[in-house]
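Read the structure below first, then the notes.
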Amino acid sequence: MLEKIRSQIEAEITGLMHELHVDLPERIKIAREHGDLRENAEFKAAKERQGFVEARLNHLTTRMTELSKIDVKDMAYDKAGFGSTVTIHDIDLDEDFTFTITAGDFIDLDAGQVSLASPIGQGLLGAEEGEEVTIKLPAGARQYKIVELSTLPQQMEARGS
């Protein structure tokens with residue numbers, strides 16, 4: 001899990017570094033050749049993108065630092081937390097959902113990943129299998145039962161890591 005997140009962040013960093021140091025300077029150079037920079041939309045767009053890329057790179061670098069501080073040995077063995085795969089039963093809808101709790105802003109709902117910082121991630125934090133939790137969502141509070149829980153330490157043990 002940690003390795004997958006690290007590789008995804010590293011791939012994004014690599015792409016953004018290329019954009020920042022190769023693509024954007026070329027776009028800015030071409031835009032400058034068009035003359036008056038005060039009314040040059042291409043120049044303004046390239047400079048705005050450059051600011052966004054720099055901010056995103058700073059954010060991703062911080063994420064990598066945070067990931068490097070995670071020690072699986074310090075994680076609870078039987079309570080939901082970072083890296084846990086949790087199957088919950090929505091009591092009102094009578095439906096089951098499975099999520100993997102990920103770090104910070106890393107979210108891929110199509111892949112069943114939810115951020116630890118999200119309302120669902122926060123509501124599941126520290127929960128145990130069989131426990132009922134109330135999670136405050138923007139649409140209102142919802143009742144869930146933890147049907148199945150596989151924590152990161154349990155997953156690492158199963159893999160023999």
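The values are calculated or read from the model by the stated rules, or taken from the named source; none is laboratory data. Computed from a predicted structure; not experimentally measured. FYI the Cβ positions are ideal-geometry reconstructions off the backbone, even for glycines, and counts take in every protein chain you see.
Of the residues ASP96, ASP90, ASP78, which single one is outside the structural domain of ILE9 (by TED's automatic domain parsing), under 21 Å from GLU157 (Cβ atoms) and either touching a strand residue (DSSP E or B) at 6+ places or on another chain (Cβ under 9 Å) or in contact (Cβ under 8 Å) with a residue 60 or more places away in the chain (or both)? Write out each step before concluding.
Details: ASP96 fails: under 21 Å from GLU157 (Cβ atoms); ASP90 fails: under 21 Å from GLU157 (Cβ atoms).
None of the others qualify; the one that does is ASP78.
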Just to be sure, is GLU128 surrounded by fewer than 18 Cβ atoms within 10 Å (Cβ to Cβ), within 25 Å of ILE5 (Cβ to Cβ) and modelled with pLDDT of 90 or more? yes
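Here is a yes/no grid of residues against (1) hydrophobic (A, V, I, L, M, F, W, C); (2) modelled with pLDDT under 90:
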| position | (1), (2) |
| --- | --- |
| ASP36 | no, yes |
| GLU39 | no, yes |
| ALA46 | yes, no |
| PHE52 | yes, no |
| LEU60 | yes, yes |
| ASP74 | no, yes |
| PHE82 | yes, yes |
| ASP94 | no, no |
Number of the exception - ILE107 against (1) modelled with pLDDT under 80; (2) surrounded by 14 or more Cβ atoms within 10 Å (Cβ to Cβ); (3) in contact with a Gly (Cβ under 8 Å, 6 or more places away or on another chain); (4) under 18 Å from GLN8 (Cα atoms): (3)
What is the residue count in the range 110-146 for residues that are in contact with a Lys or Arg (Cβ under 9 Å, 6 or more places away or on another chain) and of a type in the set (Asp, Glu)? 3
Would you mind stating whether ILE101 is assigned by TED's automatic domain parsing to the domain that holds GLN143 and touching a helix residue (DSSP H, G or I) at 6+ places or on another chain (Cβ under 7 Å)? yes
Positions within the range 132-152 being small (Gly, Ala, Ser), more than 15 Å from ILE101 (Cα to Cα) and touching a Ser or Thr at 6+ places or on another chain (Cβ under 8 Å), in sequence order: ALA141
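Select, from THR98, THR102, THR151, the only residue that is hydroxyl-bearing (Ser, Thr, Tyr) and at pLDDT 90 or above.
THR98
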Determine if the range 76-97 includes at least one residue that is farther than 21 Å from LYS4 by Cβ and touching a His at 6+ places or on another chain (Cβ under 7 Å). yes
Breaking point among (1) part of a loop (DSSP other than H, G, I, E, B); (2) within 18 Å of the chain's Cα centre (by Cα); (3) touching a residue at least 40 places away in the same chain (Cβ under 8 Å), for ALA117: (3)
